[in-house]
Amino acid sequence: MTHQTDRRKFFRRLAGATGTLLLTGCDKLSDSEWFGHVLSTGESLNKGAHHLLRTRKAMAQEFSEADLSPDFRSNGTSFPESAEYQTMAKADFKDWSLEIAGLVATPLKLTMAQIQALPSRTQITRHDCVEGWSAIAKWKGTPLHEIFALVNPLPNARYVVFYCADPMEDDGTDLYYESIDMEDAYHKQTILAYELNGTTLPIKNGAPIRLRVERQLGYKQAKYIMKIALVAQFDDIAGGKGGYWEDNGCEWYAGI
Ligand SMILES: Nc1nc2c(c(=O)[nH]1)N[C@H]1C(S)=C(S)[C@@H](COP(=O)(O)O)O[C@H]1N2
Ligand SMILES: [Mo]
């Protein structure tokens, strides 16, 4: 059983036992001391809708090499259990390619070599997980807007959906997925990262490629991306809330 499935079953049992709504890291967040502490540092979570709207275009804080955390832990899935993923991992992801589909004029499949031939961006940022940990790391990857320049999004595209390799249920179903809007998608610091702290992205952190959308909380940072689709709405995808954790009670907009 995966850690994630374990955790969700625990929340479900708890919800059943107390007769309350499903509890997740997101629900715990609002009344924890940790949340209050982070808020009081003044550089992190948003303090209300007004502040949030004003800062949508702003850059996330970037740090220096001296600020790097000694380790960047793995959270959630650390090795997807699907046979396809494990076969790809064994071959060092040589057979992996990224499919970009949906509301685009030019659907494409890109190999890692093609992705790495595009202009890259390197950024040192802080990752904040709702479960109560943060870490500063250096990410290198391809800005999503570079990929959009190749696929030509159609005017009715409103969201970008990231389909991941890891099943969240023991029977292999319920793949992790996430979504962001076009504003975040075109943001300078939104990259598909293939390096962490100067080395190839490790499997535990989302190999071969993962999203960094730096003004959002940890669960938006989709790992193990297999496919990207541009869509007009996400109501008809999985639980309809725009992401795995969103379908389980977290907010879709996880701005920090
Ligand atoms: N595919 C996938 N992406 C994921 C997760 C996951 O379980 N599967 N966990 C999320 C959560 S809650 C966090 S905090 C970060 C953790 O990234 P890390 O494992 O590199 O620390 O990835 C996010 N993206
Ligand atoms: Mo997280």
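The values are calculated or read from the model by the stated rules, or taken from the named source; none is laboratory data. These numbers come from a predicted model, not from an experiment. With ideal geometry, Cβ positions are generated from the backbone for all residues, glycine too; neighbour counts draw on all protein chains shown. Just the protein is used for accessible areas: all its heavy atoms, side chains included, with ligands, DNA and RNA removed. Shrake-Rupley method; radii C 1.70, N 1.55, O 1.52, S 1.80 Å.
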Starting from region 235-246, keep only residues that are free of Cβ contacts under 8 Å to residues at least 24 places away in the same chain, then list their pairs with residues that are open to solvent by 20 Å² or more (accessible area, probe 1.4 Å) and away from ligand 2 (no atom under 16 Å from the Cβ) whose Cβ atoms are within a distance under 7 Å, requiring at least 6 positions of separation or different chains. GLY240/PHE234
Count of region 66-88 residues which are surrounded by 15 or more Cβ atoms within 10 Å (Cβ to Cβ), hydroxyl-bearing (Ser, Thr, Tyr) and away from ligand 2 (no atom under 16 Å from the Cβ): 2
Does GLY172 qualify as being without any contact (Cβ under 8 Å) to a residue 24 or more places away in the chain, more than 20 Å from MET112 (Cα to Cα) and more than 16 Å from ligand 2 (Cβ to nearest atom)? no
Taking the stated definitions as given, is LYS241 away from ligand 1 (no atom under 13 Å from the Cβ) and among the charged types (D, E, K, R)? yes
May I ask you to list pairs of residues, at least six apart or on different chains, whose Cβ atoms are under 8 Å apart, with the first in region 123-150 being open to solvent by 40 Å² or more (accessible area, probe 1.4 Å) and the second being more than 16 Å from ligand 2 (Cβ to nearest atom) and part of a helix (DSSP H, G or I)? LYS138/GLU65; HIS145/ALA185
So, of the residues in region 217-241 that are within 21 Å of HIS187 (Cβ to Cβ) and within 16 Å of ligand 2 (Cβ to nearest atom), which turns out to be surrounded by the fewest Cβ atoms within 10 Å (Cβ to Cβ)? GLY218
Mind listing whichever residues of region 178-209 are open to solvent by less than 10 Å² (accessible area, probe 1.4 Å), within 15 Å of ligand 2 (Cβ to nearest atom) and either touching a residue at least 24 places away in the same chain (Cβ under 8 Å) or among the hydrophobic types (A, V, I, L, M, F, W, C) (or both)? GLU178, ASN205
Strands (runs of 3 or more DSSP E) completely within region 61-169 that count 3 or more residues being within 13 Å of ligand 1 (Cβ to nearest atom) and farther than 25 Å from ALA232 by Cα: 121-129, 133-143
Of the conditions (1) surrounded by fewer than 19 Cβ atoms within 10 Å (Cβ to Cβ); (2) on the phi > 0 side of the Ramachandran plot; (3) of a type in the set (A, V, I, L, M, F, W, C), PHE93 satisfies every one except a single condition; which number is it? (1)
Of the residues ALA207, ALA222, ALA229, ALA193, only one is within 11 Å of ligand 1 (Cβ to nearest atom) and in a strand (DSSP E or B); which? ALA193
Looking at region 156-163, can you tell me whether even one residue there is in contact with a helix residue (DSSP H, G or I) (Cβ under 8 Å, 6 or more places away or on another chain), at pLDDT 95 or above and small (Gly, Ala, Ser)? yes
Looking at (1) surrounded by fewer than 21 Cβ atoms within 10 Å (Cβ to Cβ); (2) over 28 Å from ALA83 (Cβ atoms), find the lone condition where GLU214 falls short. (1)
